[in-house]
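Just so it is clear, none of the values below were taken in a lab; they were calculated from the coordinates. Note that the coordinates shown come from a computational prediction; the quantities given were computed from them, not determined experimentally. Note: ideal-geometry Cβ built from the backbone for every residue, glycine included; neighbour counts use all protein chains shown.
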Number of protein chains: 4
Amino acid sequence: MTLNVGVIGTGMIGQDHIRRLTQVLSGVAVTGVTDIDAARATAAAPKGATVFATPAELIRSDKVDAVVICSWGPAHEEQLLDCIAAGKPVFCEKPLVTSAEAALRVIDAEVAFGRRLVQVGFMRRFDADYRRLKAVLDGGTLGAPLIYKSVHRNASVPAGLYTSDMPLNDTLVHDADISRWLLDDEIAAVEVRLPRRSRQGGELRDPHLVMLHMAGGAIVDVEISVNIAYGYDIRGEASCEKGIAALPNRPATVVTDAHGIRQAIPEDWRERFIEAYDQEFREWIVAAGAGTATGPSTWDGYAATLVGDAALRAVASGAREPIAMRDKPALYAAPVRKAA
Amino acid sequence: MTLNVGVIGTGMIGQDHIRRLTQVLSGVAVTGVTDIDAARATAAAPKGATVFATPAELIRSDKVDAVVICSWGPAHEEQLLDCIAAGKPVFCEKPLVTSAEAALRVIDAEVAFGRRLVQVGFMRRFDADYRRLKAVLDGGTLGAPLIYKSVHRNASVPAGLYTSDMPLNDTLVHDADISRWLLDDEIAAVEVRLPRRSRQGGELRDPHLVMLHMAGGAIVDVEISVNIAYGYDIRGEASCEKGIAALPNRPATVVTDAHGIRQAIPEDWRERFIEAYDQEFREWIVAAGAGTATGPSTWDGYAATLVGDAALRAVASGAREPIAMRDKPALYAAPVRKAA
Amino acid sequence: MTLNVGVIGTGMIGQDHIRRLTQVLSGVAVTGVTDIDAARATAAAPKGATVFATPAELIRSDKVDAVVICSWGPAHEEQLLDCIAAGKPVFCEKPLVTSAEAALRVIDAEVAFGRRLVQVGFMRRFDADYRRLKAVLDGGTLGAPLIYKSVHRNASVPAGLYTSDMPLNDTLVHDADISRWLLDDEIAAVEVRLPRRSRQGGELRDPHLVMLHMAGGAIVDVEISVNIAYGYDIRGEASCEKGIAALPNRPATVVTDAHGIRQAIPEDWRERFIEAYDQEFREWIVAAGAGTATGPSTWDGYAATLVGDAALRAVASGAREPIAMRDKPALYAAPVRKAA
Amino acid sequence: MTLNVGVIGTGMIGQDHIRRLTQVLSGVAVTGVTDIDAARATAAAPKGATVFATPAELIRSDKVDAVVICSWGPAHEEQLLDCIAAGKPVFCEKPLVTSAEAALRVIDAEVAFGRRLVQVGFMRRFDADYRRLKAVLDGGTLGAPLIYKSVHRNASVPAGLYTSDMPLNDTLVHDADISRWLLDDEIAAVEVRLPRRSRQGGELRDPHLVMLHMAGGAIVDVEISVNIAYGYDIRGEASCEKGIAALPNRPATVVTDAHGIRQAIPEDWRERFIEAYDQEFREWIVAAGAGTATGPSTWDGYAATLVGDAALRAVASGAREPIAMRDKPALYAAPVRKAA
């Protein structure tokens, strides 16, 4: 049985997901597209797909079993609520929404519907390296994780477009979500420290050191460096009671030459996480085909929103900013982690 | 457009390929199966697939656009010739055939047909690590490869079933094929040396040191150890004029505990090459959909057969056993390597 | 010319330095020893050495050109002042003294004397790995260091003897000193965060996360874990503007077996830093032979004392505790780092 | 007690050993030197040392307890025989002598004397990495070693001075000796294969693949590449019945920059083995002080000579060249290995 998918938003990421859904994955077809730029939607539409005038029409159409949202953040709330109203499974690229209040409205709607319909695009949870790391931590032989060190380095960010708030309200969400998932715990408070500024990014505030205080007491120590020149480098290491577990280097030919014994670093997130994106949709297709959602939930999107907000407050205050979450609905009561 | 595939042989490997073609990959359907054990064929047949009484019927059926051969080696020649007679693309698991003469008959038939139809199952060529290694070598910055060291280690082999000839006429073919591909060269002669025997395998002749003398003068130095207990470990390193290029460790969580700083090793070839198998079929589907074949060819299967034969002669003689290939038909004139 | 050395304190560390000075190093002889336990001093005295009744007599004796202090911390101030009064070079194991006021009195005396006489036992500065790391940072190709991550892990500490203050006023000094040296900068403030407590150490406060705010703006992020079971693991990584420089794994045979591909970890600091201790004394002997001292100075010992005090305040306050140093005397005006 | 040493030959290596004996090590003094160039001997003589007119006078002098031979190879036999006649311990740089016959004459003299006096300069046995590797192999948990792979790469060799025979009769001796020591076994036969020639060395025969067939059946597989441009790279890996043990990378700062994650390679053997040379002499001083020798023996020097000769024959013949050793005198009956 083929899952018929409608894609909202046919910009760069939307086009990439259309490619993935039509050329890489099985059991799925893209039967509808829409975009605020109708010409772009038409150009991106696979053969046989309908170009809808509006997201609302796409969501309601009988040609569409499930929806992928790749529009810009401010449009997400309405589109998600429409999907829930229509009872259709939906994959939503990050950010879920752009305010905690909006997140709560989506949660309320989904809870009222009574079944999970939303999966948020935190692709790291589908990466094989992170899954193996989680399996080691869950295995328990190292004891409880006490400190998790996350490193998030970008070779560069677009000058002008990428502002000083974005390391905290855009980039950090990945480290925050993966920490919640790896440690099976919520973030209770956030602190931010600003090291000496890198001259690589001009006036951009960079790098950042962020501490996420988990409810259970573990501390997550995050370095975010967004103009580090050499590549896209994602590292993670958990210090546990009886040992350490860390992400490996990415596979790359070991070259020995005048520069030493060495392995290349990925250039960007597309190269680093290409397989995770594929796997993310593989699992979504299975769940959406069953009329529901697994993987990162509306609750996870809500948590990410709160962390970004708190981190910005923490920069301003220099203090430890607590995060107060509403009570967790039973709908999301399962462990943070979806079993691999 | 969906490629309709018929699968001959529904044992372990056939079942795994059916799973791959129906659940993992897109643009393909399994529409026919056959097996010498009709009950097993019926059990393995996906919904809607026809169970054919014989390979010949399956090959000729209009329901089948392309064929996957997973039967035992001695049956391959006839099935390949039938596919060529029917003008249908065919993926054939190794070995291509079981004698050099049989390989030449398949080559003759394919050349007479005038277009490549056969892809042989040398999956290493589709592995991302090997492809990156090949790219480094082809890039030329390290100069010409002079020595290639291949290591092929199995945790264990089934006592009784795996005989002393099999390291050379079964296991070695992967190292031989990948060496020809990495170095873009043919194997001109083979030598075998027998180190002290491992007590892990009882009377089994193990390990082996094999030297493949390439036509261009490079030497490939292969270690085959099939009862090494600790895991499945495939390594490769090219010593070039100005530097070294080697396969990386496989990605695995870096655990630091009482056993040191360490990374796990795959248990077997399925775990190690699972993605290579997927990619192998992805590319086959594209080529077969166009009515032809790319990737490892009948010529490569012929070369592998000659190497296995020569290696067995070399054990018996202790000498350097030359390999004489027929002239290469223009049909296979492209470089050994299929561009990644 | 042989340097005649008197050793004060013949406990474990004193005995080890006597071994080093008599059996490993050249150009030096141990001509005098003393200890509060006269019998222990007699037992530890090399052939021909005089056993002195008191440190003061040893320091004043014509048989002693230079002094090594291995007594307990509270005795250091008086012994150091006696050495300075006698104009004799002195190597003093950490801690220099046990209060900031005492450190200032030693500084005043040495400044009044007009020449450096004191070297403090921060052996990491003599470790080849740290020296190479410093050379990379000083080389400048990576730009300015912005974040330095120091990891200090002990397999275990003696229950009862090692108290909850000691990670901060005893263990931390090494990370603090090496950070000042690597970054050529003073520590302006300290923060401490307490992750979830490890059950490995019972009620002991462990692990600690410490942030050292350098005067120039870099932040040093220190993990101290003192009961981590698996070994003694010292790591350091500098995130710079254009790249990363880190200490390597310690050399150890790469074993591949059922536990994976792995390298052993040192058991304790003696194994890890044995060569650094030798080199520390090699350089001390040269300087003391010339009537002076190089390497870590009284100023560095003073700085370490201040950091320990501030870190303990920071645990109590939860806040950022500033460090106010007196003006740096010209005697210590050279860069923090002694050229390798 | 100080060991008074006379040094024969004050060229580059002799000067380096004089530096080591006078500035690095303890318990030793250089009291005599001699050289065919008297002016060079005078310049190299430390303060207080006597410059002797001839090796014979130096050896016989009461000022000299033990001798270090750094003259050229053809002079070694006579000097060694003089040392044995004088009953004085002697450290002899490689080669022990320049023919198997000469080696047997030295063996006969030493056996007649009745006590070991000669240590040969195979410094790898004193390297910490090799010692750890040997300890792992001797520990037995991996089972018997079946294959040992030795890699010996030089960045470059002096054009003109370094001839095509030297990889086999000069460079190979280190791999041969360390293999005998690691595997506790003699070399029974040698084969040499010549891969495609590297253009880095013009007409020089390079690289070489050498197989050393050990008496016990293990095979040592040696790559010698002497113009590989990137650095001095010594690797060793033993494939055992149940696992693998290998030399680690050399410690070097882990730099991550535009060239990837990388570690530098040593430039030459001085940098790689500097500590091994020191340790070699430390142990020699202890043994010579006791009037004898430990470490690599005359027997080991004899074995090395035979391997070099056999390897040259093997290049000429293309065949497996056996090595016939005389019966091993009881004087050398101890295991090849000197306990670490």
Practice problem: Using the structure shown, select from A:K47/B:K88; C:K47/C:K94; D:K134/D:K242; A:K94/C:K149; A:K134/A:K242; A:K134/B:K134 the pairs with a Cα to Cα distance greater than 22 angstrom. | Solution: A:K47/B:K88; C:K47/C:K94; A:K94/C:K149; A:K134/B:K134
Exercise. Would you order C:R125, C:R197, B:R153 from fewest to most other beta-carbon atoms within 10 Å of each residue's own beta-carbon?
Key: C:R197, B:R153, C:R125
Exercise. Please work out the Cα center distance from the range B:11-43 to the range C:56-100, rounded to the nearest Å.
Key: 83
Exercise. Summarise the partner chain shielding of A:206-214 as one whole number: the mean count of Cβ atoms from other chains within 10 Å of each residue's Cβ.
Key: 3
Practice problem: Within 10 Å of each Cβ in peptide A:146-153, how many partner chain Cβ atoms are there on average? Round it to a whole number, please. | Solution: 5
Quiz item: Along the positive direction of the dipole of the range B:150-304 (beta-carbon charges: Lys, Arg +1; Asp, Glu -1; about the Cα centre), which of B:A287, B:A215, B:A238 reaches farthest?
Solution: B:A238
Quiz item: Top mean-square fluctuation among A:V307, A:V90, A:V136, Gaussian network model of chain A, C-alpha springs under 10 Å?
Solution: A:V136
Quiz item: Hey, got the dipole for the range C:125-272? About the Cα centre, +1 on K and R Cβ, -1 on D and E Cβ, debye to the nearest 20?
Solution: 320
Quiz item: At C:T54, label 7 Å along Cα→Cβ: distances to the other copies, nm, ascending?
Solution: 6.5, 9.8, 11.3
Quiz item: Which trypsin sites (Lys or Arg not before Pro) does the range D:79-117 hold that lie in a coil by DSSP with at most 13 other beta carbons within 10 Å?
Solution: D:R115
Quiz item: Relative contact order (percent) for the range C:125-272, with alpha-carbon contacts under 8 angstrom and 6 or more residues of separation?
Solution: 32
Quiz prompt | Shape call, the range D:176-245: gyration tensor on alpha carbons, a/c limit 1.5 | solution = prolate
Quiz item: Using 7 Å Cα-to-Cβ label points, what is the D:T163/D:R270 separation (nm, one decimal)?
Solution: 2.6
Quiz item: Projected area of the protein assembly as shown, taken from the Cα convex hull and averaged over every viewing direction, in nm²?
Solution: 54.5
Exercise. Please order D:R272, C:R180, B:R199, D:R262 by the number of other Cβ within 10 Å, starting at the fewest.
Key: B:R199, D:R272, D:R262, C:R180
Quiz item: What is the packing order of peptides D:224-230, A:284-290, taking the mean over residues of other C-beta atoms within 10 Å and listing the highest first?
Solution: D:224-230, A:284-290
Self-check item: Within chain C, longest stretch free of exposed GluC sites (Glu not before Pro) [DSSP loop, at most 13 other beta carbons within 10 Å]
Solution: C:1-202
Exercise. Could you let me know the centre-to-centre spacing of the range D:132-202 and the range B:147-195, using Cα atoms, in angstrom?
Key: 23
Self-check item: Percent of beta bridges antiparallel (DSSP, the protein assembly as shown, rounded to nearest 5)
Solution: 55
Self-check item: Positive-end residue of C:A144, C:N169, C:A188, charge dipole of the range C:125-272 with Cβ unit charges
Solution: C:A144
Self-check item: Proxy reagent accessibility, fewest Cβ within 10 Å first, across B:D175, D:D62
Solution: D:D62, B:D175
Quiz item: Given the Cα-Cα distance of B:F113 and B:D37 and 0.36 nm per residue of separation, how much length would full extension add, in nm?
Solution: 24.2 nm
Quiz item: At what distance in angstrom do the alpha carbon centres of the range B:239-260 and the range A:304-325 lie from each other?
Solution: 40
Quiz prompt | Cα centre as origin, Lys/Arg/Asp/Glu Cβ charges: the protein assembly as shown dipole, Debye | solution = 0
Quiz item: Three principal axis extents, largest first, for the C-alpha atoms of the range C:201-294, in Å?
Solution: 55, 40, 36
Quiz item: Between B:A252, B:A324, B:A38, which gets the highest mean-square fluctuation from a Gaussian network model of chain B, Cα cutoff 10 Å?
Solution: B:A252
